[in-house]
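Values quoted throughout were computed directly from the atomic coordinates according to the rules given, and no laboratory measurement underlies them. Since we're looking at a predicted model, the values are computed, not measured. No Cβ is skipped: glycine too gets one built from the backbone with ideal geometry, and neighbour counts run over all protein chains shown.
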Amino acid sequence: MTTAFANVLAFTAAAAVLVATPGLDTTVVLRQATVEGPKSAALAACGVVTGLLVWGISAAAGLSAVLLASRLAYAALTWAGAVYLVVVGIRMLLDRDNLHHNPAASDFPPMGSDGVASFRRGLLTNLLNPKVGLFYVTFLPQFIPSGPSVGAFALMLAGIHLLLTTAWFSMLVTLSVPFRRLLAKPTFRRTLNRTAGCVFVVFGLKLATSPN
């Protein structure tokens, strides 16, 4: 077994564990599945994956390293992300985030402009978190062997991470369908919406207070 192949296997195993570990991105997708249904959750997941793609390409091109080397740019992105997360979290806690409708127990609200909002939420939640860039810049190099092109190998590892994330979100969205009646209950939706709001606020405050 070549060193490169062994490193790919090791990265895949480590990344799979990290992807399945509950975090902000998973919270976003689960919240959308509960409040707005599987289509909205799928679009939020697409937004998250798109954000990961941007970070992955940036890391491979060295742009993330440049961003993280600039304290001003890093601080600006950190505060923008923190404010966004706290504002969205507070809206959820106040039940002002797409809870004005009352769909039937067996149905989810129709997808319209909310689809764009779901995608945007997943995208911004990921893009405005510089910790994702830090993850790629610090985690990927541990699995890049000497010899191959660093940029190409890093991009391949980022692609594996994207595929694992897509598979994980696909499973979550698929599992939400059999439980759509439970998920559509106003009490259940309100509870998870407020729980997600707390998670957003906590992550936002953590992001704002974390050292640059």
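The length gained by stretching the chain between R120 and V87 to full extension, at 0.36 nm per residue less their Cα-Cα distance, is 10.4 nm. When Rg and Dmax are taken over the Cα atoms of region 116-212, they come to 17.8, 56 Å. When you count the other C-beta atoms within 10 angstrom of each residue and take the mean per peptide, 14-20, 45-51, 26-32 line up highest first as 26-32, 45-51, 14-20.
A crude spin-label estimate for the pair T50 and Q142, with each label 7 Å from Cα along the Cβ direction, gives 3.1 nm. In order along region 166-172, phi translates into HN-Hα couplings of 4, 5, 5, 5, 4, 5, 4 Hz, rounded to whole numbers, per the Karplus curve 6.51 cos²θ - 1.76 cosθ + 1.60 with θ = phi - 60° and x for Gly and Pro. With 0.36 nm allotted per residue and the present C-alpha distance subtracted, the A4-S210 stretch has 70.7 nm of extension available. Under a model in which nothing but the beta-carbon of Lys, Arg (+1) and Asp, Glu (-1) is charged, the chain shows a dipole of about 460 debye around its Cα centre. When only alpha carbons are used to place a centre, region 188-211 and region 147-166 end up 30 Å from one another.
Fraction of C-alpha pairs exceeding 20 angstrom in the chain: 59 percent, rounded to a whole number.
Note on A73 and T166: with the Förster distance fixed at 35 Å, the Cβ-Cβ geometry gives a FRET efficiency of about 0.75.
Fully extending the segment from A16 to T187, taken as 0.36 nm per residue of separation minus the present Cα-Cα distance, adds 58.3 nm. Placing dummy labels 7 Å off each Cα toward the beta-carbon, the span from A152 to V177 is 3.9 nm.
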